[in-house]
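> Encoded as structure tokens, here's the structure I'll be asking about.
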Amino acid sequence: MFCNLGFMKRLRYQVWKFPPSWKSVLPLGVFDFHVEALLSKVRRNIQHFDDHPALHQFPAQRKQNQTFRALANELEALPEVVTPWETSDEDRIWWLVNSLVFDGAWDSVFCPECQNSWTFSDCAIEDWSVGEDLAAEGGRLLMCPRHHLLCRSREWNS
Ligand SMILES: [Zn+2]
């Protein structure tokens, strides 16, 4: 009997307002992410590294590539269910996961503030920015229908 084995692979993960190594991390929404969408982002990063030999001389880039390869193996090995996600490399994951949030690559998000689960179409996206001229930064916010913050991405700085 045919069945789509990739269909139910999901990772449950609570996103943070700031990169975890910052002192003031703040837990936000708990998302059920689509593993395939995450895996394709990770594979693109690995491919980019493989395609650019000049990157191979930088220790930070080599370390990042090792992290992505380990993550790809981990994601491929996941069972076809929703798995709570434990990761030891939260800062690198933070950037990937934030982009998944705003791509809508998840089924539902649990809002700790109002104790409800919401879908992407329930939520609103807002822009944020602080500062001005050459000392400004900004990004996007995902808000639950009751206006609680579910995810905050930092996407630019001047
Ligand atoms: Zn809420």
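> Any residue in the range 101-125 that's within 13 Å of Phe31 (Cα to Cα): show its pairings with residues that are basic (Lys, Arg) and within 10 Å of the ligand (Cβ to nearest atom) at Cβ separation under 8 Å, as long as the two are six or more apart or on different chains.
Cys111/Arg146; Asn116/Arg146
> Given (1) within 14 Å of the chain's Cα centre (by Cα); (2) at pLDDT 95 or above, identify the lone condition not met by Asp107.
(2)
> May I pose another question? Quick check on my filter: what residues within the range 100-151 are within 16 Å of the ligand (Cβ to nearest atom), closer than 19 Å to Trp85 by Cα and outside any loop (DSSP other than H, G, I, E, B)?
Val101, Trp106, Ser108, Val109, Phe110, Cys111, Ser117, Leu150, Cys151
> Let me ask you something else. For Ala72, state whether it is assigned to a helix (DSSP H, G or I), surrounded by 14 or more Cβ atoms within 10 Å (Cβ to Cβ), modelled with pLDDT of 90 or more and within 13 Å of the chain's Cα centre (by Cα).
no
> Follow-up question, since we're still on this one. Tell me, yes or no, whether the range 24-35 has at least one residue that is surrounded by 15 or more Cβ atoms within 10 Å (Cβ to Cβ) and in a helix (DSSP H, G or I).
Yes; the residues of the range 24-35 include at least one that is surrounded by 15 or more Cβ atoms within 10 Å (Cβ to Cβ) and in a helix (DSSP H, G or I).
> What are the pairs, 6+ residues apart or on separate chains, where a residue within the range 37-57 that is under 15 Å from Leu78 (Cβ atoms) has its Cβ under 9 Å from a residue that is among the charged types (D, E, K, R) and part of a helix (DSSP H, G or I)?
Matching pairs, first to second residue: Ala37/Asp103; Leu39/Glu76; Val42/Arg69.
> So in the range 124-141, with the set limited to residues that are under 17 Å from Pro19 (Cβ atoms) and aliphatic (A, V, I, L, M), which one is surrounded by the fewest Cβ atoms within 10 Å (Cβ to Cβ)?
Only one residue fits best here, namely Val130.
The values are calculated or read from the model by the stated rules, or taken from the named source; none is laboratory data. Bear in mind the structure is a predicted one, so any value in this text is a computation, not a measurement. Using ideal geometry, Cβ is built from the backbone for each residue, glycine included, and neighbour counts are taken over all protein chains shown.
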